[in-house]
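Notes to accompany the following structure.
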Amino acid sequence: MQQSDHKYDFEEDEILNQLREDNQQVFEHLFRKKYEELYAFSVKITRQPEASEELVQDIFVYLWEKRKELEVKTNLKSYLYSAVKNRSIDYLRSKYVKMQSSFIDDDNLAQSNLVIASNELQEKELAEIIKKGIALLPEKCRIIFLMSREGALSYQEIADQLGVSHKTVKAQVAIALQKMRSFIEAHWGKIISLIISLL
């Protein structure tokens, strides 16, 4: 096997030419040679091994399917790393959209969704951003939101403790969730930059 691999140790330009000529053995050699390092690079961004495995495999599938018209403006290695980075960030963005859509007026989600979001990205900086967003909430709104989130109290329990109606608590949590959605959206670029800076 090692002799076979050595046989296909072409220069990058030649690898691209061989791919365009439908040389499947060269493609398989490239996959074996580059897959592990690209996979490791993706995991650093996504923190999700299974997702990264699928992302990198998809990139190689795309490389083979588009081999005839593929334009590599830098070099093959840079192209592959750039493709992995972009796909990995797109994956995080899709997770963010799902995370954002879960910020709805629901007793159980209101108690846990921000914590889940922080754990998923596993970044201390994200927790700090969320903390700042909560601090910017109007006082009454912030108190009710924290009682729901950190105190794990139901709307009725909060209403009883504060001497307000259940409807008021529900409305204030809805306002808090809406403001937090907007705050995190405004800082999403910073979150991505923080993740990339750790690579």
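The values are calculated or read from the model by the stated rules, or taken from the named source; none is laboratory data. Note that this is a predicted model, so its numbers are computed, not measured. Note that we place each Cβ from the backbone using ideal geometry, even for glycine, and neighbour counts take in every protein chain shown.
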Set I158, I175, I143: member being in contact with a Cys (Cβ under 7 Å, 6 or more places away or on another chain) and at pLDDT 75 or above: I175
Residues located in the range 45-56, provided they are more than 17 Å from S78 (Cα to Cα) and in a helix (DSSP H, G or I): T46, P49, E50, A51, S52, E53, E54
Go over the candidates S112, S148, S88, S78 one by one and state the one that is over 25 Å from A40 (Cβ atoms), outside any loop (DSSP other than H, G, I, E, B), among the hydroxyl-bearing types (S, T, Y) and modelled with pLDDT of 75 or more. S148
